[in-house]
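Written out below as structure tokens is the structure these notes cover.
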Amino acid sequence: MTTTENEPGMNNDAGAASPVDPTPNPHASAEEVAAALTDTKLAQVLYHDWEAETYDEKWSISFDERCIDYARGRFDAVPAARAAAAGSSASGASAAAAGSELPYGRAMELGCGTGFFLLNLMQSGVAEKGSVTDLSPGMVKVALRNAENLGLEVDGRVADAEKIPYDDNTFDLVVGHAVLHHIPDVEQALREVLRVLKPGGRFVFAGEPSTIGDFYARWMSRATWYLTTNLTKLAPLQSWRRPQEELDESSRAAALEAVVDIHTFDPDELAGIARSAGASSVQTATEEFAAAMLGWPVRTFEAAVPPGKLGWGWAGFAFGSWKRLTWLDENVLRKVVPPKFFYNVVVSGYKPS
Ligand SMILES: C[S@@+](CC[C@H](N)C(=O)[O-])C[C@H]1O[C@@H](n2cnc3c(N)ncnc32)[C@H](O)[C@@H]1O
């Protein structure tokens, strides 16, 4: 059911001869990493090609009810304009309210990774047909494989968000999760999103780091990595230590993280960028405070120990704890903690009709 619509050797910059290597390159050498330190888009490709085949495991991504609910929750965090016009508040938007525009006919995901957001949204009934796009050939390959396994009607392209290889007025919906903060010129990417949307079409970008949230998340992740990789040097804990070459490869790739993570966002500023790009009915919401403080150390710990070591008991514990803290965030902390302290920013808007 899935197809790759073009050969992925395309120029990154409008008019510039900077072809992306179409072959996934999962093992960047030290020399390639050094070159990528001054070339953010090369860094994106190397870093995400390196992650692609293990990405679902690293981030506990699945295509079952757990992640379908999670993806749908992020999508519904900002109500659709029709629901908003009927009086829904951003934080209280229900799936039913957002559902007034559903299903969208043709949807596209920017920076799809392994397809976590769009494929799970399609499974929840948000869109009928999908197109997955990413700068990393490795990610597009895995996303198309996941779509095929799920039997979804999806095509895919290697694509730079600043120069989207689709015609004007093609899509009813464009989505993205954790992608805008990687794109050098966010306003240019949103202009491209509006170009490929049909008049009246909608975009929803979720999972973007807030400036304050990113600060505490990074700090907690670094501390967790340091503690785990050092404590597992002790003899009784050595079976929890990943082989040194895997840790070295992780460290090399992690050096690229500073290059690929370009932005953090203030929600109001992000809304301003979307309006400058030409979007109408722009709204933002923020999510996860206590849940993010648990989530980042947990994910870093999972990446620092051998794959498969933690098992389903751990996965159940981590997800259950995350759900309880999300409840705390939404029902208690949202009333006392300023929105800018929450980790995730969601932005949605429309192409004017
Ligand atoms: C943090 S990952 C998120 C992946 C997926 N959306 C998810 O939530 O699991 C960011 C993705 O954006 C892609 N990306 C980075 N820069 C991009 C660009 N300029 N255009 C398109 N995709 C880009 C990366 O290759 C990577 O797959």
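The values are calculated or read from the model by the stated rules, or taken from the named source; none is laboratory data. Quick caveat: nothing in here was measured; it's all calculated off a predicted structure. Reconstructed Cβ throughout: ideal geometry from the backbone, glycine too, with neighbour counts over all protein chains shown.
Overview of results
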read-out: Members of region 280-308 that are touching an Asp or Glu at 6+ places or on another chain (Cβ under 9 Å) and of a type outside the set (Gly, Ala, Ser); value: THR284, GLU287, GLU288, PHE289, GLU302, PRO306, PRO307
read-out: Yes/no for ALA189 being touching a residue at least 24 places away in the same chain (Cβ under 8 Å), among the small types (Gly, Ala, Ser) and in a helix (DSSP H, G or I); value: yes
read-out: Region 292-313, residues that are surrounded by 15 or more Cβ atoms within 10 Å (Cβ to Cβ) and either under 18 Å from ASP64 (Cα atoms) or not aliphatic (A, V, I, L, M) (or both); value: GLY295, TRP296, PRO297, ARG299, THR300, PHE301, GLU302
read-out: So ALA292, is it without any contact (Cβ under 8 Å) to a residue 60 or more places away in the chain, within 16 Å of the ligand (Cβ to nearest atom), part of a helix (DSSP H, G or I) and under 30 Å from ALA36 (Cα atoms); value: no
read-out: Matching residues in region 123-173 - criterion: being away from the ligand (no atom under 13 Å from the Cβ), more than 19 Å from TYR55 (Cβ to Cβ) and of a type in the set (A, V, I, L, M); value: VAL126, ALA127, LEU173
read-out: Qualifying position, being under 30 Å from VAL298 (Cα atoms) and buried (at least 21 other Cβ atoms within 10 Å of the Cβ), among GLU192, GLU208; value: GLU208
read-out: Scope region 223-242; condition more than 17 Å from LEU310 (Cβ to Cβ) and without any contact (Cβ under 8 Å) to a residue 40 or more places away in the chain; matching residues; value: TYR226, ASN230, LYS233, LEU234, ALA235, PRO236
read-out: Residue list for region 297-317, restricted to those being in contact (Cβ under 8 Å) with a residue 60 or more places away in the chain, aliphatic (A, V, I, L, M) and part of a helix (DSSP H, G or I); value: ALA303, ALA304, ALA315
read-out: Residue check, ALA277 modelled with pLDDT of 95 or more and either of a type in the set (D, E, K, R) or out of contact with any Asp or Glu (no Cβ under 6 Å at 6 or more places or on another chain) (or both); value: no
read-out: Looking only at region 263-281, and only at residues there that are in contact with a Ser or Thr (Cβ under 7 Å, 6 or more places away or on another chain) and not in a helix (DSSP H, G or I), the one that is surrounded by the most Cβ atoms within 10 Å (Cβ to Cβ); value: PHE265
read-out: Members of region 188-218 found to be under 21 Å from GLY278 (Cβ atoms) and out of contact with any strand residue (DSSP E or B) (no Cβ under 8 Å at 6 or more places or on another chain), listed by number; value: GLN188, ALA189, ARG191, ARG195, PRO199
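The rows are residues; the columns are (1) surrounded by fewer than 21 Cβ atoms within 10 Å (Cβ to Cβ); (2) within 28 Å of THR38 (Cβ to Cβ).
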position: ARG106; (1), (2): yes, no
position: LEU152; (1), (2): no, no
position: GLY156; (1), (2): no, no
position: PRO165; (1), (2): yes, yes
